[in-house]
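*Asks:* Can you read through this structure? Questions will come right after.
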Amino acid sequence: MTLHTLTIAEAAKKLRAKETSSVELTQAMLKRIEAINPSLNAYLTVTADVALTQARQADDQIAAGKAAPLTGIPLAIKDVICTKDVQTTAGSKILKGYKPPYNATVVEKLNAAGAVMLGKTNTDEFAMGSSTENSAYGVTHNPWDATRVPGGSSGGSSAAVAAQLALGGLGSDTGGSIRQPASLCGIVGVKTSYGRVSRYGLVAFASSLDQIGVFAHTAEDAALLLSVIAGHDPRDGTSMTTPVPDYAALLKQDIKGLRIGLPKEYFIEGTQPDVTKAVNEAVNVLKSLGATVREVSLPNTKLALSTYYIIAPAEASANLARFDGVRFGPRADAPTMWDEYRQTRGEGFGAEVKRRVMLGTYALSTGYYDAYYLQAQKVRTLIKDDFDKVFNEVDVIACAASPTTAFKIGEKADDPLAMYLADVFTLPANLAGIAGLSVNCGFDGDGLPVGLQLLSPAFTEDRILRVAHQYQQTTEWHKKSPQL
């Protein structure tokens, strides 16, 4: 039995049947991480001792008949999510050595469910990037082709799950940072609705856009993970009290009569032909399962990129003001307080973080706030209205998650606009606060994965998970693994 190839659902069954133990499963994963992670750089911190302690506790729970679906399951956690007494760097030098005194709510919930934390995964610095090349701790490599990026900013978690260095994982999505890497790595990635999952303990990038979500090989596994981490948290003022359904139980419903919309603004010139072909073939599969398909329009999509890159940097500028060398991480040795601030931030922040902080500070400055930030918020409302109107006509939107498959490491490093365009199909959903996911729907001519993006109204994650699950029951793409 090859333990690392199991899905979460399969592993849970074997654990409950006593066919294996959580300690055996965890040891197998740690051994695989030791062998493969040096070439991928998916993990920044491997928490072997913590993982084995949690695995032994999980085995005790199982023996006592108290097993939950995630009890004993080894998972990866993106390094922007706080973990008590375990280094949390957010991919930045400015937080090197920082060990939070508390766990994020999602980590508390995973611990209560008996899950096992294998370690913290690489990320673009403060989640700012689309390739995981902006990490202060080195580039993460795509398991399908080590010369290519895994996507970003949650590239570490995505690569870890795709390479079977974890059975599932957590990431965060501010403009596509779960769905885009899931697409480029050939797995399932779910961006939850704004307010569905607590952000307490998430190192903030853009507070009105950030959401924690999940990675897995199957929609079923994603549903199991989401059922645990979703729900209201009084410590997060944006957390909603909307009841959490049993996502896994709702997967079995068919999709006959489901109305799927294809937004013409997302099927555009410049998209890689292999991507368009794979997405169209996936839509045909959904039609064969009884869904109806029609073209729809989201006319303000063309404004989403520029809107996002005013709002997100503005919020980043405010959020990152707290990193001054006084309370977190290393501090520069300078003669005055202001020199200390400047030097600490100058040395601690990378180029992309500095770029976005300066963009955001400019957009918020006197004389420009109304012209840029306030105007962007008005356009954001128009983008949300577009989605609201379309969802009166259809149940789900289907399109590509990324305009291309994984690009070469360094290919877009000197062209910020080209890098920002990697998220052109994903960031409108963050502006609107709706639910989204990416599911593997094929491969291009170079053997690189293509992701089908599914979007639905806020708090209807069950709907897109059901569509993805029914798609996976009919296709074999999710069963393919990179040869490492």
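Bear in mind these aren't lab numbers, they're just calculated from the coordinates by the rules spelled out. Because the structure is predicted, anything quoted here is derived from the model rather than measured. So basically every Cβ, Gly included, is an ideal-geometry build from the backbone, and we count neighbours across all protein chains shown.
*Asks:* Could you tell me whether segment 230-324 comes out rounded, prolate or oblate from its Cα gyration tensor? Rule is a ≥ b ≥ c as square roots of the eigenvalues, rounded for a/c under 1.5, then prolate if a/b exceeds b/c, otherwise oblate.
*Replies:* Verdict is oblate for segment 230-324.
*Asks:* Considering only DSSP states other than H, G, I, E and B, which trypsin sites (Lys or Arg not before Pro) in segment 290-390 qualify as loop sites with at most 10 other Cβ atoms within 10 Å?
*Replies:* Taking segment 290-390 and a limit of 10 other Cβ atoms within 10 Å, the loop trypsin sites (Lys or Arg not before Pro) found are ARG327.
*Asks:* Please compute the length gained on full extension between THR361 and ARG322, using 0.36 nm multiplied by the number of residues separating them and subtracting their Cα-Cα distance.
*Replies:* Details: separation 39, 0.36 × 39 = 14.04 nm, distance 1.41 nm.
That works out to 12.6 nm of additional length.
*Asks:* Under a plain spin-label model, where a point goes 7 Å from the Cα along Cα-to-Cβ, how far apart in nm are ALA64 and ASP388?
*Replies:* 4.9 nm
*Asks:* Let me make sure I get this right: for segment 352-392, a, b and c are the square roots of the gyration tensor eigenvalues over alpha carbons, sorted descending. Under 1.5 in a/c it's rounded, otherwise prolate if a/b > b/c, else oblate. Which is it?
*Replies:* Oblate shape, in that a/c is at least 1.5 and b/c is the bigger or equal ratio.
*Asks:* Using only DSSP helix segments of four residues or longer, with each worth -39500 (n - 2.57), what per-residue ellipticity at 222 nm results for the chain after dividing by its residue count and rounding to 500?
*Replies:* -11500 deg cm²/dmol
*Asks:* Ok, one more. Filter the trypsin sites (Lys or Arg not before Pro) in segment 183-263 to those in DSSP coil with at most 15 other Cβ atoms within 10 Å of their Cβ, and list the result. Write out the running numbers ahead of the final one.
*Replies:* Details: sites: LYS191, ARG196, ARG199, ARG235, LYS252, LYS256, ARG259; in loops: ARG196, ARG199, ARG235, LYS252, LYS256.
Those satisfying the criteria are ARG235, LYS252, LYS256.
*Asks:* Now for a different question. Semi-axes of the equivalent ellipsoid for the chain, please: Cα gyration tensor eigenvalues, times 5, square-rooted, ordered largest first, whole Å.
*Replies:* With the √(5λ) rule applied to the chain, the semi-axes are 31, 29, 20 Å.
*Asks:* If you stretched the chain out fully between ALA332 and LYS277, how much longer would it get, using 0.36 nm times the residue separation minus the C-alpha to C-alpha distance?
*Replies:* Values: separation 55, 0.36 × 55 = 19.80 nm, distance 5.24 nm.
Taking ALA332 through LYS277 to full extension adds about 14.6 nm, to one decimal.
*Asks:* Related question: For the pair ALA146/VAL285, report the inter-label distance in nm, with labels modelled 7 Å from Cα in the Cβ direction.
*Replies:* If labels sit at ALA146 and VAL285, their model points lie 3.0 nm apart.
*Asks:* Something else about it: Work out how much length GLN473 to ARG16 would gain on full extension: take 0.36 nm times their residue separation and subtract the Cα-Cα distance, in nm to one decimal.
*Replies:* In short, 162.1 nm is gained.
*Asks:* Let me check against my output: what whole-number percent is the relative contact order of the chain, with C-alpha pairs under 8 Å and at least 6 apart?
*Replies:* Contact order relative to length: 18 percent.
*Asks:* Rounded to the nearest 5, what % of DSSP beta bridges with both residues in the chain are antiparallel?
*Replies:* That works out to approximately 65 percent antiparallel.
*Asks:* Sticking with this one: Taking loop as defined by DSSP and a crowding limit of 10 other beta carbons within 10 Å, which trypsin sites (Lys or Arg not before Pro) in segment 12-73 fit?
*Replies:* Numbers: sites: LYS13, LYS14, ARG16, LYS18, LYS31, ARG32, ARG56, LYS66; in loops: LYS18, LYS66.
Answer by residue number: LYS18.
*Asks:* Put a dot 7 Å past each Cα toward the Cβ at THR5 and ALA35; how far apart are the dots in nm?
*Replies:* Here the answer is 1.3 nm between the modelled labels.
*Asks:* Further question: List the pairs from LYS13/LYS277; LYS78/LYS264; LYS252/LYS389; LYS31/LYS78; LYS78/LYS354; LYS264/LYS479 whose alpha-carbon separation is above 25 Å, in the order I gave them.
*Replies:* LYS13/LYS277; LYS78/LYS264; LYS252/LYS389; LYS264/LYS479
*Asks:* Another question, then. Taking the Cα atoms of segment 157-313 alone, what are Rg (to one decimal) and Dmax (as a whole number) in Å?
*Replies:* 17.0, 46
*Asks:* How would you rank CYS185, CYS82, going from fewest to most other Cβ atoms within 10 Å of each one's own Cβ?
*Replies:* Ascending number of Cβ neighbours within 10 Å: CYS82, CYS185.
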